[in-house]
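Novice: Take a look at this one; I'll ask things after.
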Amino acid sequence: MIEKDFVVEGLRRTRIDEYLEKELERAGYGGMDVQVTPMGTMVVVYAERPGMVIGRGGKTVRAITQKLKSKFNLENPRVEVKEVDVPELNPRIMAHKIAAMLQRGMHFRRVAYTTMRRIMAAGAQGVEVTISGKIRGARSATAKFTDGYIKKCGEPSTKHVKEGFATVQLKPGVLGVYVRIMPPEVVLPDKVEIEAPKITETPSEEPAEQVEAVEEIEDLEEIEEIEDLEEIEDLEEIEDLEEVEDLEEDLELVEETGKEDTDGEESEK
């Protein structure tokens, strides 16, 4: 059945992953990817130190390739090694680093906080470190440390959050280290961005309208000046006419007084 084939293929990939993790633990094993091509099966190995994966003269790579062919029945396997760009953002590498520090006898709290600071400094959105086992005494306990923002349920937690697990053997017993990291490039589906309203401007039309308005104002001012000048000229003409009328009245009065004087003199004679 098709379902059985999927189960068998998934189980085989899990066994290959466990084998590579055991063989390449010192090289900083960060995961693998199996790609089936027409030429054969491509196994891409991600490691912090690719030189240790390749080995002297490619000895380690050839041994791994032969093992994949004989033990896991891969057709024409080819191993490609890639270096991890940012080891602090790979949870499997960081889980193994925590296990190594615990193996050297460091306190679990100090190890957890130091690792979280390194992960957050690399740009992660959030990190969660869980250490379980006999960490305080004879009884088993669990210590959980978190920093930043990290999803714990729903599709984003399974799709975007990366997980890594490692174990370490100490005198009291075995400790389990579980690391979850949310990478910096993750965009959550509930993120909403509010854009500022766009104001449409017509810079080519506004100056022309302003110029027309200014010209209209100047024309009105010129018209007002002309009207003021006309009013002044009218007033001057009115004043001139009033002066002429006053002079004519004075002349008439003088003539009348002159006639009266001449009439009085004749009567006396």
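Novice: Quick one: would you say E163 is loosely packed, with under 15 Cβ neighbours inside 10 Å and within 17 Å of E88 (Cβ to Cβ)? Before you say what the answer is, go through the steps one by one.
Specialist: Numbers: loosely packed, with under 15 Cβ neighbours inside 10 Å: yes; within 17 Å of E88 (Cβ to Cβ): yes.
Taking the combined requirement at face value, the residue satisfies it.
Novice: Then there is this: Restricting to segment 123-153, count the residues that are closer than 19 Å to P184 by Cα, surrounded by fewer than 16 Cβ atoms within 10 Å (Cβ to Cβ) and small (G, A, S).
Specialist: The number of residues fulfilling the criteria is 2.
Novice: For segment 111-128, state whether one or more residues are in a loop (DSSP other than H, G, I, E, B), without any contact (Cβ under 8 Å) to a residue 60 or more places away in the chain and either among the charged types (D, E, K, R) or closer than 29 Å to R12 by Cα (or both).
Specialist: Within segment 111-128 (the criterion being in a loop (DSSP other than H, G, I, E, B), without any contact (Cβ under 8 Å) to a residue 60 or more places away in the chain and either among the charged types (D, E, K, R) or closer than 29 Å to R12 by Cα (or both)), the answer is no, since none of the residues qualifies.
Novice: Which residue pairs have Cβ atoms closer than 8 Å, lie 6 or more positions apart in sequence or on different chains, and pair a first residue in segment 19-30 that is without any contact (Cβ under 8 Å) to a residue 12 or more places away in the chain with a second residue that is part of a loop (DSSP other than H, G, I, E, B)?
Specialist: none
Novice: What is the residue count in segment 173-201 for residues that are part of a strand (DSSP E or B), open to solvent by 60 Å² or more (accessible area, probe 1.4 Å) and among the charged types (D, E, K, R)?
Specialist: As a first pass, look at segment 173-201 and keep what is part of a strand (DSSP E or B): 174-182.
Narrowing further to those that are open to solvent by 60 Å² or more (accessible area, probe 1.4 Å): 174, 178.
Filter again for among the charged types (D, E, K, R), leaving none.
Result for segment 173-201: 0.
Novice: Here is a further query. Kindly evaluate G137 against the criterion of being part of a loop (DSSP other than H, G, I, E, B) and at pLDDT below 90.
Specialist: Details: part of a loop (DSSP other than H, G, I, E, B): yes; at pLDDT below 90: yes.
Here the answer is yes, as G137 does meet what is asked.
Novice: Let me ask something else. So M101 clears everything in (1) among the hydrophobic types (A, V, I, L, M, F, W, C); (2) over 30 Å from A122 (Cα atoms); (3) at pLDDT 90 or above except one condition, right? Which one?
Specialist: Going through (1) among the hydrophobic types (A, V, I, L, M, F, W, C); (2) over 30 Å from A122 (Cα atoms); (3) at pLDDT 90 or above one by one, M101 breaks only (2).
Novice: Also: Taking the residues in segment 78-92 that are open to solvent by less than 80 Å² (accessible area, probe 1.4 Å) and part of a strand (DSSP E or B) as candidates, determine which candidate is nearest to F165 (Cα to Cα). Even if it seems obvious, please write down each step before you answer.
Specialist: We begin by selecting, within segment 78-92, every residue open to solvent by less than 80 Å² (accessible area, probe 1.4 Å); these are 79-81, 84, 86-92.
Then keep just the ones that are part of a strand (DSSP E or B); that gives 79-81.
Numbers: V79: 24, E80: 23, V81: 21 Å.
That would be V81.
Novice: Let me ask something else about it. In segment 151-172, which residues are over 22 Å from the mean Cα position of the chain (by Cα), without any contact (Cβ under 8 Å) to a residue 40 or more places away in the chain and part of a loop (DSSP other than H, G, I, E, B)?
Specialist: Those that are over 22 Å from the mean Cα position of the chain (by Cα), without any contact (Cβ under 8 Å) to a residue 40 or more places away in the chain and part of a loop (DSSP other than H, G, I, E, B): K152, C153, K171, P172.
The values are calculated or read from the model by the stated rules, or taken from the named source; none is laboratory data. Remember, predicted model here, so these are calculated numbers, not experimental data. For neighbour counting, all protein chains shown are included, and Cβ atoms are generated from backbone atoms with ideal geometry for every residue, glycine included. The accessibility values were calculated without ligands, DNA or RNA, using every heavy atom of the protein model including side chains. Shrake-Rupley method; radii C 1.70, N 1.55, O 1.52, S 1.80 Å.
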